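Taking it in order: structure first as C-alpha coordinates, then the write-up.
The values are calculated or read from the model by the stated rules, or taken from the named source; none is laboratory data. Just so it is clear, the model here is predicted, and its values are computed rather than measured. Every residue, glycine among them, receives a Cβ derived from its backbone with ideal geometry; neighbour counts consider all protein chains shown. SASA here: full protein model, heavy atoms, side chains in, ligands and nucleic acids out. Shrake-Rupley method; radii C 1.70, N 1.55, O 1.52, S 1.80 Å.
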Amino acid sequence: MISLYSGEFLGLSVKELMIPSERVAHVQVGNSLEHALLVLTKSGYTAIPVLDSRYRLMGLISTPIIMDSILGLERIEFEQLDTKKVESAMNTEIPRINVQSNLQSSLNLLVDNPFLCIEDQSGIFEGILTRRSVLLRLSNEVKRNYRK
Ligand code: 2BA
(Lines give C-alpha, C1' and ligand atoms only; values in the text may rest on other atoms or scores of the structure.)
Protein backbone atom coordinates (compact mmCIF):
# COMPACT_ATOMS: atom_id res chain seq x y z
CA MET A 1 0.00 0.00 0.00
CA ILE A 2 2.95 2.27 -0.73
CA SER A 3 0.93 4.88 -2.59
CA LEU A 4 -1.56 5.15 0.29
CA TYR A 5 1.21 5.93 2.74
CA SER A 6 3.01 8.28 0.40
CA GLY A 7 -0.16 10.32 0.15
CA GLU A 8 -0.50 9.70 -3.59
CA PHE A 9 -4.05 8.37 -3.25
CA LEU A 10 -5.25 10.88 -0.66
CA GLY A 11 -3.71 13.70 -2.64
CA LEU A 12 -5.75 12.90 -5.75
CA SER A 13 -7.86 15.79 -6.95
CA VAL A 14 -11.63 15.22 -6.73
CA LYS A 15 -11.78 16.51 -10.30
CA GLU A 16 -9.90 13.40 -11.43
CA LEU A 17 -12.52 11.07 -9.92
CA MET A 18 -15.73 13.03 -10.42
CA ILE A 19 -18.66 12.20 -12.68
CA PRO A 20 -18.97 15.43 -14.72
CA SER A 21 -22.22 17.41 -14.53
CA GLU A 22 -23.30 16.50 -18.07
CA ARG A 23 -23.45 12.84 -17.02
CA VAL A 24 -25.31 13.43 -13.76
CA ALA A 25 -29.09 12.98 -13.65
CA HIS A 26 -30.58 16.10 -12.06
CA VAL A 27 -33.74 18.21 -11.77
CA GLN A 28 -34.41 21.93 -11.47
CA VAL A 29 -35.96 23.77 -8.50
CA GLY A 30 -39.09 24.68 -10.47
CA ASN A 31 -39.82 21.16 -11.70
CA SER A 32 -42.85 19.35 -10.28
CA LEU A 33 -42.41 16.46 -7.86
CA GLU A 34 -43.95 14.26 -10.53
CA HIS A 35 -41.12 15.14 -12.94
CA ALA A 36 -38.53 14.48 -10.22
CA LEU A 37 -40.06 11.09 -9.44
CA LEU A 38 -39.96 10.27 -13.14
CA VAL A 39 -36.25 11.16 -13.41
CA LEU A 40 -35.41 9.22 -10.23
CA THR A 41 -37.33 6.16 -11.41
CA LYS A 42 -35.95 6.22 -14.97
CA SER A 43 -32.33 6.79 -13.84
CA GLY A 44 -32.53 4.19 -11.07
CA TYR A 45 -30.81 6.48 -8.54
CA THR A 46 -32.09 7.00 -5.00
CA ALA A 47 -31.14 10.68 -4.77
CA ILE A 48 -30.06 13.29 -7.34
CA PRO A 49 -28.94 16.95 -7.27
CA VAL A 50 -31.31 19.91 -7.67
CA LEU A 51 -30.01 22.89 -9.69
CA ASP A 52 -31.34 26.34 -10.51
CA SER A 53 -31.57 27.81 -14.01
CA ARG A 54 -27.98 29.07 -13.73
CA TYR A 55 -26.72 25.57 -12.92
CA ARG A 56 -26.08 26.43 -9.26
CA LEU A 57 -26.41 23.62 -6.72
CA MET A 58 -29.54 24.12 -4.58
CA GLY A 59 -30.09 20.77 -2.83
CA LEU A 60 -30.91 17.09 -3.23
CA ILE A 61 -34.15 15.30 -3.95
CA SER A 62 -34.85 11.62 -3.30
CA THR A 63 -37.77 9.21 -3.60
CA PRO A 64 -38.23 8.97 0.21
CA ILE A 65 -38.34 12.81 0.48
CA ILE A 66 -40.98 12.98 -2.27
CA MET A 67 -43.12 10.26 -0.71
CA ASP A 68 -42.87 11.92 2.69
CA SER A 69 -43.95 15.29 1.29
CA ILE A 70 -47.15 13.85 -0.20
CA LEU A 71 -48.03 11.74 2.81
CA GLY A 72 -51.45 12.74 4.14
CA LEU A 73 -53.01 11.66 7.41
CA GLU A 74 -54.65 8.57 6.00
CA ARG A 75 -53.25 8.10 2.52
CA ILE A 76 -50.54 9.09 0.07
CA GLU A 77 -51.92 12.12 -1.77
CA PHE A 78 -50.62 11.37 -5.27
CA GLU A 79 -52.53 14.34 -6.73
CA GLN A 80 -49.98 16.61 -4.99
CA LEU A 81 -47.20 15.30 -7.22
CA ASP A 82 -48.37 17.53 -10.04
CA THR A 83 -48.81 20.74 -8.01
CA LYS A 84 -45.86 20.65 -5.58
CA LYS A 85 -42.47 21.91 -6.76
CA VAL A 86 -39.10 20.32 -6.08
CA GLU A 87 -37.94 23.41 -4.13
CA SER A 88 -40.67 22.89 -1.53
CA ALA A 89 -39.47 19.40 -0.66
CA MET A 90 -35.72 19.21 -1.41
CA ASN A 91 -33.04 18.81 1.24
CA THR A 92 -30.89 21.96 1.26
CA GLU A 93 -28.52 20.91 4.02
CA ILE A 94 -26.06 18.93 1.98
CA PRO A 95 -22.28 18.61 2.05
CA ARG A 96 -20.57 20.48 -0.79
CA ILE A 97 -16.99 20.16 -1.90
CA ASN A 98 -14.91 22.47 -4.02
CA VAL A 99 -13.62 21.26 -7.36
CA GLN A 100 -10.06 22.19 -6.26
CA SER A 101 -10.14 20.00 -3.14
CA ASN A 102 -8.40 16.66 -2.74
CA LEU A 103 -9.65 13.24 -1.72
CA GLN A 104 -8.36 13.49 1.84
CA SER A 105 -10.82 16.23 2.73
CA SER A 106 -13.75 14.32 1.17
CA LEU A 107 -13.26 10.81 2.57
CA ASN A 108 -14.84 11.60 5.93
CA LEU A 109 -17.96 12.98 4.24
CA LEU A 110 -18.30 9.85 2.09
CA VAL A 111 -18.73 7.73 5.21
CA ASP A 112 -22.21 9.16 5.74
CA ASN A 113 -23.08 10.26 2.20
CA PRO A 114 -23.19 7.96 -0.85
CA PHE A 115 -22.08 10.85 -3.04
CA LEU A 116 -20.85 14.43 -2.70
CA CYS A 117 -21.78 17.37 -4.91
CA ILE A 118 -18.89 19.32 -6.36
CA GLU A 119 -19.10 23.03 -7.15
CA ASP A 120 -16.76 25.76 -8.32
CA GLN A 121 -15.94 29.03 -6.53
CA SER A 122 -19.19 30.65 -7.66
CA GLY A 123 -21.43 27.74 -6.62
CA ILE A 124 -21.83 26.36 -10.14
CA PHE A 125 -22.42 22.60 -10.12
CA GLU A 126 -19.45 20.69 -11.59
CA GLY A 127 -20.32 17.06 -10.89
CA ILE A 128 -20.42 14.42 -8.16
CA LEU A 129 -17.92 12.28 -6.30
CA THR A 130 -19.43 8.84 -5.63
CA ARG A 131 -18.36 6.14 -3.19
CA ARG A 132 -18.06 3.83 -6.20
CA SER A 133 -15.47 5.95 -8.03
CA VAL A 134 -13.37 6.35 -4.87
CA LEU A 135 -13.53 2.64 -3.97
CA LEU A 136 -12.77 1.64 -7.57
CA ARG A 137 -9.66 3.82 -7.59
CA LEU A 138 -8.60 2.51 -4.16
CA SER A 139 -9.09 -1.07 -5.34
CA ASN A 140 -6.93 -0.42 -8.42
CA GLU A 141 -4.21 1.20 -6.27
CA VAL A 142 -4.16 -1.80 -3.93
CA LYS A 143 -3.90 -4.26 -6.86
CA ARG A 144 -1.15 -2.19 -8.45
CA ASN A 145 0.89 -2.18 -5.23
CA TYR A 146 0.47 -5.90 -4.65
CA ARG A 147 2.00 -6.52 -8.06
CA LYS A 148 5.14 -4.49 -7.17
P1 2BA B 1 -27.87 5.06 -5.16
O2 2BA B 1 -28.82 5.45 -6.25
O3 2BA B 1 -28.48 4.63 -3.88
O4 2BA B 1 -26.98 3.89 -5.73
C5 2BA B 1 -26.17 3.09 -4.89
C6 2BA B 1 -25.17 2.31 -5.70
O7 2BA B 1 -25.88 1.42 -6.57
C8 2BA B 1 -24.37 3.21 -6.65
O9 2BA B 1 -23.25 3.67 -5.94
C10 2BA B 1 -24.01 2.27 -7.79
O11 2BA B 1 -22.94 1.45 -7.43
C12 2BA B 1 -25.26 1.41 -7.88
N13 2BA B 1 -26.21 1.99 -8.85
C14 2BA B 1 -27.43 2.47 -8.56
N15 2BA B 1 -28.07 2.89 -9.68
C16 2BA B 1 -27.23 2.67 -10.72
C17 2BA B 1 -27.30 2.88 -12.15
N18 2BA B 1 -28.40 3.41 -12.76
N19 2BA B 1 -26.22 2.55 -12.91
C20 2BA B 1 -25.12 2.02 -12.30
N21 2BA B 1 -25.00 1.78 -10.96
C22 2BA B 1 -26.03 2.09 -10.18
P23 2BA B 1 -22.42 4.91 -6.46
O24 2BA B 1 -22.07 4.75 -7.90
O25 2BA B 1 -21.30 5.09 -5.49
O26 2BA B 1 -23.41 6.14 -6.35
C27 2BA B 1 -23.76 6.71 -5.11
C28 2BA B 1 -24.95 7.60 -5.26
O29 2BA B 1 -24.63 8.68 -6.14
C30 2BA B 1 -26.16 6.92 -5.88
O31 2BA B 1 -26.87 6.26 -4.85
C32 2BA B 1 -26.90 8.11 -6.49
O33 2BA B 1 -27.71 8.75 -5.51
C34 2BA B 1 -25.77 9.07 -6.90
N35 2BA B 1 -25.39 8.95 -8.33
C36 2BA B 1 -24.43 8.16 -8.84
N37 2BA B 1 -24.29 8.35 -10.18
C38 2BA B 1 -25.19 9.31 -10.52
C39 2BA B 1 -25.56 9.95 -11.78
N40 2BA B 1 -24.94 9.66 -12.96
N41 2BA B 1 -26.56 10.86 -11.74
C42 2BA B 1 -27.18 11.18 -10.56
N43 2BA B 1 -26.88 10.62 -9.36
C44 2BA B 1 -25.91 9.68 -9.33
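Please list 117-128, 136-147 highest first by mean number of surrounding beta-carbon atoms within 10 Å per residue. Could the numbers behind the result be given before it?
Working: 117-128: 18.2, 136-147: 12.0.
Averaged packing, sorted descending, gives the order 117-128, 136-147.
Quick one: net charge of Gly123's neighbours, Cβ under 13 Å, K/R +1, D/E -1?
Details: positive: Arg54, Arg56, Arg96; negative: Asp52, Glu119, Asp120, Glu126.
With Lys, Arg at +1 and Asp, Glu at -1, the neighbours total -1.
Just to be sure I understand the model, the point goes 7 Å from the Cα along the line to the Cβ. What's the resulting Glu77 to Lys42 distance in nm?
Roughly 2.7 nm, to one decimal.
Taking amide H atoms as placed 1.01 Å from N in the peptide plane, list the residues 5 or more away in sequence, or in a different chain, whose amide H sits under 5 Å from that of Glu126.
Sorted by chain and number, the residues that satisfy this are Ile118, Glu119, Asp120.
Return the sequence-ordered ³J(HN,Hα) values of the stretch 18-32 in whole Hz as given by the Karplus equation 6.51 cos²θ - 1.76 cosθ + 1.60 applied to θ = phi - 60°, using x for Gly and Pro.
The phi angles translate into 6, 8, x, 3, 5, 9, 9, 5, 8, 10, 10, 3, x, 5, 6 Hz.
Dipole magnitude of the stretch 14-146 about its Cα centre, charges +1 at Lys/Arg Cβ and -1 at Asp/Glu Cβ only, in debye to the nearest 20?
Numbers: 14 positive and 16 negative charges, 134 e Å.
In total the dipole reaches around 640 debye.
How large is the accessible surface per residue of the stretch 14-146, computed with a 1.4 Å probe and reported in Å² as a whole number?
Details: 7720 Å² over 133 residues.
Value for the stretch 14-146: 58 Å² per residue.
Rank Pro114, Ile124, Leu135 by how far each Cα sits towards the positive end of the charge dipole of the stretch 99-145 (+1 on Lys, Arg Cβ; -1 on Asp, Glu Cβ) and give me just the farthest.
Ranked along the dipole, the leading option is Leu135.
Report the local net charge at Gln100: Lys and Arg +1, Asp and Glu -1, summed over other residues whose C-beta lies under 13 Å from its C-beta.
Working: positive: Lys15, Arg96; negative: Glu16, Glu119, Asp120, Glu126.
Local net charge: -2.
For a test of the definition: using alpha carbon positions, the gyration tensor, and the 1.5 limit on a/c, classify the chain as rounded, prolate or oblate.
Details: a/c = 2.97, a/b = 2.16, b/c = 1.37.
The shape class here is prolate.
Please report the spacing between the Cα centers of the stretch 32-72 and the stretch 105-126 in Å, no decimals.
The distance from the Cα centre of the stretch 32-72 to that of the stretch 105-126 comes to 18 Å.
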